[in-house]
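Asks: Sending over a structure as structure tokens; questions will come in a sec.
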């Protein structure tokens, strides 16, 4: 009833002061005011015209309540404080000493504004909120219900702090920024102008969020971190402590960036991705959705990591390189600059890939393998454990390279080729498509191996040799020591290995297409072997010999240097013919004797055809 009477008095230009109130003698009271029961107004204060001070309110000394303003019941306004015109202070609220609340503002119920603080014009502070000491809330701003802004903090003009949010001490929220509901901004933190922090998000202590940036809902940014200007971090994401995300970058939804990591400017991290601790993503880089990058790894500038990819711990990917979709890169891997790794590739631990290299789709590099600068691995290729491909070399599609293989510089291995374990291929060599090379093979420099060739285990092929299409070089016997390189001036056999124990093709040998060289044979340097030639086991062909097309050399033969062979010509062949004739004569004799003795006698066929050596 009394409050209704006060309103009535104001409408009719009457000032009403309840008799139970205490007003100091030096107070300046405007016209048409209403002062409720048990109000206290300190000395030298000013109450503007048409203001209302409700019951049990207190206004300190030297304070001002502007015109058309209202102070709620049980509220307190401290000494030397100014409340602007057309402003409302809610019930049970407290405005500290030396504070300022601007014109046309509203302070909610049960709200506290600390000493020496400033609330700008046209600003709203919600119910049950707290504004700390020495804090500034800019004009045209809104602080939601149940929210806290710490001491010595600043909320810029035209900003919004949502309900149930907390802004720490010594923190700055820039102009035109929005902090969502139920969010927390730590101490000593800065959120730049025109930035948005989503609902239920947390920004740690000593952290900076740059201008024009957006932090999504349910997102956490750790302590001592920096988010650059014009950067977007999606919903449900986590940025660790001491981490930097450069300007103009984007971090997708549901992504995690570990502690002590750096994301360079103009970079993109896709949705559902994980970047480990102590990891660096360079400038202008792109990491696709659902991708994981392990701890202590580095992704260089302008690099791209595709969707659903995984990069292991302690891995380095240099600038301008690309990792394809669904590719797995292991730990302790090095990938050079300007290198392309295709889709669905598997690169195991401890692999090295040089600059300007290329690995095709669906290929595999097993642990401790190497691909050097300017080299290519095609699609669907497997490179074995501890194997290496030299500079400017290529292994084309659908090929398999075994373990502990070394492929030298400027080598081309064509598609559908298989290379066995512990094989060495020298510089400037070409291997044709569909060729099978066994294990423990040595192929020298400047060698040309045709298509659909078979080279068995433990074969040695010297420098500058040519193996024609469809040729077959048989298995050699196991060597007692690792094959040694062949000296250019003097051909030296491996130590403790008998000459006839494995296949050896020395330098400058030419073998025509569809020829067969059986195991254990030795072809000396500068030999020319024609097409469709068959050479048996353990044959030795001397230097500068020539073997004509379709010639056949039986096992254990020796062809002298400079000899020309055509047809079937060898000591072993003549011995074979003589033996066959002798056996035939003996069989005929035995048959005739048995026939005349008894017609019932069954003669045995003792004839055994001469086996054809390879």
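Asks: Assuming a ≥ b ≥ c are the square roots of the Cα gyration tensor eigenvalues, decide whether segment 105-254 counts as rounded (a/c under 1.5), prolate (otherwise, with a/b larger than b/c) or oblate.
Replies: Judged from the Cα gyration tensor, segment 105-254 comes out prolate (a/c at least 1.5, a/b above b/c).
Asks: Next up: If you rank 531, 370, 75 by fewest surrounding Cβ atoms within 10 Å, what's the result?
Replies: Listing 531, 370, 75 from fewest to most nearby Cβ atoms yields 531, 370, 75.
Asks: The list (1) 3, 14, 22, 24, 18, 10, 5, 2, 1, 0; (2) 4, 14, 14, 11, 10, 9, 8, 7, 6, 5, 4, 4, 2, 1, 1, 0, 0; (3) 3, 13, 18, 17, 17, 16, 10, 4, 1, 0 gives values of P(r) over Cα pairs in 10 Å bins from 0, in percent, and only one came from this structure; which label was calculated from it?
Replies: (2)
Asks: What FRET efficiency, computed as 1/(1 + (r/R0)^6) with R0 = 22 Å and r the Cβ-Cβ distance, is obtained for residue 543 and residue 436, rounded to the nearest 0.05?
Replies: The calculated FRET efficiency here is 0.15.
Asks: Taking only the alpha-carbon atoms of segment 172-271, what semi-axes of the equivalent ellipsoid follow from 5 times the gyration tensor eigenvalues under a square root, in whole Å, largest first?
Replies: Equivalent-ellipsoid dimensions as semi-axes: 17, 13, 13 Å.
Asks: Pairs of Cα atoms under 8 Å, at least six residues apart: use those to get the relative contact order of the chain, whole percent.
Replies: 3
Asks: Let me ask another. Quick one: Cα centre-to-centre distance for segment 424-439 and segment 331-400, in angstrom?
Replies: 17
Asks: OK, next. What ranking do 458, 440, 352 get, fewest neighbouring Cβ atoms within 10 angstrom at the top?
Replies: Going from sparsest to densest Cβ surroundings: 352, 440, 458.
Asks: Tell me the relative contact order for segment 1-92 as a rounded percent, counting alpha carbon contacts under 8 Å between residues six or more apart.
Replies: Reported relative contact order: 20 percent.
Asks: Which whole-angstrom value gives the distance between the alpha carbon centres of segment 446-469 and segment 232-261?
Replies: Taking the Cα centre of each part, segment 446-469 and segment 232-261 sit 55 Å apart.
Asks: Would you mind calculating the gained length between residue 562 and residue 37 on full extension (0.36 nm times residue separation, minus the Cα-Cα distance), in nm to one decimal?
Replies: 175.9 nm
Asks: Under the rule of -39500 (n - 2.57) per DSSP H run of 4 or more residues, summed and divided by the residues of the chain, what mean residue ellipticity at 222 nm is obtained, to the nearest 500 deg cm²/dmol?
Replies: -2000 deg cm²/dmol
Asks: Another question about this same structure. Quick one: order 53, 431 by neighbouring beta-carbon count within 10 Å, fewest to most.
Replies: Placing the least packed residue first, the sequence is 431, 53.
Read the figures in this text as sums done on the coordinates, not as results from a lab. Keep in mind the model is a prediction, meaning the values are calculated, not measured. Every residue, glycine as well, gets a Cβ built from its backbone with ideal geometry; the counts of neighbours run over all protein chains shown.
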